[in-house]
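> Below is the structure I would like to discuss, written out as structure tokens.
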Amino acid sequence: MNLNPLAVEQNDILQAQCPTAYALLSERGRKLYYPKGILTQSAEAKEKAHKFNATIGIATEGGVPMHLPSLAKYFPEIGPGDSFNYAPAGGRPDLRAAWKKKMLAENPSLAGKEISLPVVTAALTHGLSLVGDLFVDPGDVLLLPNMFWGNYSYTYSVRLGAAIRNYNTFTESGGFDVPAMAAALKEVAAEKGKAILLLNFPNNPSGYTITEPEAEAILAAVVETADTGAKVLVVCDDAYFGLFYEDCLKESLFARLVGRHPNVLSVRLDGATKELFVWGFRVGCITFGCGCQCDCGCAEAYEALVKKTMGAIRGNISNCCNLTQTLVLRALRDPALPAERQQKFDVMQARALKVKKVLNSGKYDDAWTYYPFNSGYFMCLHLKTVDAEKLRVHVLDKYGVGAISSGPTDLRIAFSCLEVGQIQEVFDILYQGVKDLA
């Protein structure tokens, strides 16, 4: 495999400082590097070209990015440089620093641990794709619970040729099925010498976040697998982070994986999409955490991973939107933000608890049970007597109510878009739909 000298340099750093990260890289991941081309030269010119800067591919006028007043009038508080200019491939440095500060504040288990500087992504799906670029080869196995977001399959199986292997999501008693996950993890690691475990809490579609004991059991299973010599990549999809309504783990599992075992590399995907209620902004982050347990530090290894990630971004979308990054950064710096987020959290929590109260009334027990949920946007019904897709189509056509079917028995309800006063009626209509079909 012919590699660019910069890729060789970054691979050598990983082999020396974080060999597990190097071992987990895909063939594409080993080829990736951040080029010292136009962007690097432009960055140098930005620092030193005090007279004229004729490097970056934008048009300027009056010392600022050229712009149209018909567009600029919508951003009266934001200058042209923060709205019309390009952002760096890795994202705005000030936003990356602010997001890391937020991450450290919200995840106490990261105290005293070294993690990478987050790289800005075009939200979570782009982050998942970057994980694939870095770590997933055709034929690799991706471990997922049998209740999972369908886009994982498209991202990793359809695009990259990985195999999806599922394990049972819940035990009969209603908790996360850690033994099933542990068995699947051990099996794949024994087959491949490498395992990729993707964990999504709060889970889409079930709306479940693991409890503290379940979190520790998952960590123990990862360590036990790593003890066999297998390399383990744990990807934490934290898209709905912070929306924890009842007793559950209230920090990312990523925070507890960092420094846990030298054969483990963890990757966190999170972002402003749900946390700041800005779905169309498409601002996310990808952050790396090595499992090394020594005091030598992994700063250069993290920088190598970041550069490879930036190279993947540069070769795909070039960079993420500067304007929305600017807006997210300003929100993070706004002293009103915590109170505003709390108010929205209270609304979402009230909806989740109302759903649970309605379902626990006993009124619908002949039609369905429901899977455990304590967080996020969704919950799922387990239908007893009718096919989920038939029910979905029936209530949509006859009553104008939309839901998502996932398999023959499961129906996903997004309480995130239901007012508290609408929830009872929605489930009454679904119940009537079941009776119609029965």
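The values are calculated or read from the model by the stated rules, or taken from the named source; none is laboratory data. Keep in mind the model is a prediction, meaning the values are calculated, not measured. Counting neighbours? That spans all protein chains shown, and the Cβs are built from the backbone with ideal geometry, glycine included.
> Going residue by residue through the stretch 26-42, is there one that turns out to be in contact (Cβ under 8 Å) with a residue 60 or more places away in the chain, assigned to a helix (DSSP H, G or I) and in contact with a strand residue (DSSP E or B) (Cβ under 7 Å, 6 or more places away or on another chain)?
Residues of the stretch 26-42 in contact (Cβ under 8 Å) with a residue 60 or more places away in the chain: 26-29, 32-35, 39.
Imposing the further condition that a residue be assigned to a helix (DSSP H, G or I) reduces the set to 27-29, 39.
If we keep only those that are in contact with a strand residue (DSSP E or B) (Cβ under 7 Å, 6 or more places away or on another chain) as well, we get none.
No, the stretch 26-42 contains no residue that is in contact (Cβ under 8 Å) with a residue 60 or more places away in the chain, assigned to a helix (DSSP H, G or I) and in contact with a strand residue (DSSP E or B) (Cβ under 7 Å, 6 or more places away or on another chain).
> Residue pairs, Cβ under 9 Å, 6 or more apart or interchain, first in the stretch 229-257 and within 14 Å of Pro202 (Cβ to Cβ) and at pLDDT below 95, second surrounded by fewer than 24 Cβ atoms within 10 Å (Cβ to Cβ) and of a type in the set (D, E, K, R). List them.
Pairs found: Asp247/Glu212.
> Filter the stretch 388-426 down to the residues that are crowded, with 19+ Cβ neighbours inside 10 Å and either over 30 Å from the mean Cα position of the chain (by Cα) or acidic (Asp, Glu) (or both) and list them by number.
Once the filter is applied, which keeps residues that are crowded, with 19+ Cβ neighbours inside 10 Å and either over 30 Å from the mean Cα position of the chain (by Cα) or acidic (Asp, Glu) (or both), the stretch 388-426 yields Leu391, His394, Val395, Asp410.
> Which of (1) surrounded by 12 or more Cβ atoms within 10 Å (Cβ to Cβ); (2) more than 26 Å from Ala122 (Cβ to Cβ) is the odd one out, the single condition Phe75 does not satisfy?
So the condition that Phe75 fails would be (2).
> Which of the residues belonging to the stretch 168-187 are crowded, with 16+ Cβ neighbours inside 10 Å, out of contact with any Asp or Glu (no Cβ under 7 Å at 6 or more places or on another chain) and not in a helix (DSSP H, G or I)?
Asp177
> OK, next. If you take the residues of the stretch 188-211 that are out of contact with any Leu (no Cβ under 8 Å at 6 or more places or on another chain) and among the aliphatic types (A, V, I, L, M), which of them is surrounded by the fewest Cβ atoms within 10 Å (Cβ to Cβ)?
Looking only at the stretch 188-211, we keep the residues that are out of contact with any Leu (no Cβ under 8 Å at 6 or more places or on another chain), and these are 189-193, 200, 203-208.
With the extra rule that they be among the aliphatic types (A, V, I, L, M), the set shrinks to 189-190.
On the way: Ala189: 24, Ala190: 12.
The selected residue is Ala190.
> Please name all residue pairs, on different chains or six or more residues apart, with Cβ atoms under 6 Å, provided the first residue is in the stretch 384-399 and is assigned by TED's automatic domain parsing to the domain that holds Glu425 and of a type in the set (Val, Ile, Thr) and the second residue is crowded, with 16+ Cβ neighbours inside 10 Å and not in a helix (DSSP H, G or I).
Partner pairs satisfying both residue conditions: Val395/Val401.
> If you don't mind, another one. (1) in a loop (DSSP other than H, G, I, E, B); (2) loosely packed, with under 14 Cβ neighbours inside 10 Å; (3) touching a residue at least 12 places away in the same chain (Cβ under 8 Å): which one isn't true of Leu3, the others all being true?
With (1) in a loop (DSSP other than H, G, I, E, B); (2) loosely packed, with under 14 Cβ neighbours inside 10 Å; (3) touching a residue at least 12 places away in the same chain (Cβ under 8 Å) applied to Leu3, the lone miss is (2).
> Next up: How about the stretch 395-413: which of its residues are of a type outside the set (A, V, I, L, M) and more than 16 Å from Gly376 (Cα to Cα)? Working first, answer last.
Looking only at the stretch 395-413, we keep the residues that are of a type outside the set (A, V, I, L, M), and these are 397-400, 402, 405-410, 412.
Within the stretch 395-413, Asp397, Lys398, Tyr399, Gly400, Gly402, Ser405, Ser406, Gly407, Pro408, Thr409, Asp410 meet the criteria.
> A further question on this structure: Ala221 - would you say it is outside any loop (DSSP other than H, G, I, E, B) and farther than 20 Å from Lys356 by Cα?
On the way: outside any loop (DSSP other than H, G, I, E, B): yes; farther than 20 Å from Lys356 by Cα: yes.
Yes, satisfied.
> Oh, and also: Hey, can you tell me all the residues within the stretch 21-53 that are modelled with pLDDT under 80 and not charged (D, E, K, R)? Talk me through it step by step, then tell me what you get.
First, pick out the residues of the stretch 21-53 that are modelled with pLDDT under 80: 37-47, 49-53.
Within the stretch 21-53, Gly37, Ile38, Leu39, Thr40, Gln41, Ser42, Ala43, Ala45, Ala49, His50, Phe52, Asn53 meet the criteria.
So that you can scan it fast, the table gives a plain yes or no per residue for (1) touching a strand residue (DSSP E or B) at 6+ places or on another chain (Cβ under 7 Å); (2) of a type in the set (Asp, Glu); (3) assigned to a loop (DSSP other than H, G, I, E, B):
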{"site": "Ile56", "(1), (2), (3)": "no, no, yes"}
{"site": "His67", "(1), (2), (3)": "no, no, yes"}
{"site": "Ser70", "(1), (2), (3)": "no, no, no"}
{"site": "Glu77", "(1), (2), (3)": "no, yes, yes"}
{"site": "Gly90", "(1), (2), (3)": "yes, no, yes"}
{"site": "Lys102", "(1), (2), (3)": "no, no, no"}
{"site": "Ser109", "(1), (2), (3)": "no, no, no"}
{"site": "Glu114", "(1), (2), (3)": "no, yes, yes"}
{"site": "Thr125", "(1), (2), (3)": "no, no, no"}
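> Take the residues of the stretch 240-271 that are in contact with a strand residue (DSSP E or B) (Cβ under 7 Å, 6 or more places away or on another chain) and part of a helix (DSSP H, G or I): which is surrounded by the fewest Cβ atoms within 10 Å (Cβ to Cβ)?
My answer is Leu253.
> Next question. Contact list please: Cβ distance under 6 Å, first residue in the stretch 202-216 and in the same structural domain as Pro145 (by TED's automatic domain parsing), second residue of a type in the set (Lys, Arg), pairs at least six apart or on different chains.
Within 6 Å, the pairs are Pro205/Arg412.
> Of the numbered conditions (1) modelled with pLDDT of 95 or more; (2) among the polar types (S, T, N, Q); (3) closer than 25 Å to Leu142 by Cβ, Thr326 fails exactly one; give the number of that condition.
Going through the list (1) modelled with pLDDT of 95 or more; (2) among the polar types (S, T, N, Q); (3) closer than 25 Å to Leu142 by Cβ, Thr326 breaks only (3).
> Between Gly284, Gly291, which is at pLDDT 95 or above, buried (at least 22 other Cβ atoms within 10 Å of the Cβ) and assigned by TED's automatic domain parsing to the domain that holds Gly242?
Values: Gly291 fails: at pLDDT 95 or above.
Selected residue: Gly284, the only one of Gly284, Gly291 that is at pLDDT 95 or above, buried (at least 22 other Cβ atoms within 10 Å of the Cβ) and assigned by TED's automatic domain parsing to the domain that holds Gly242.
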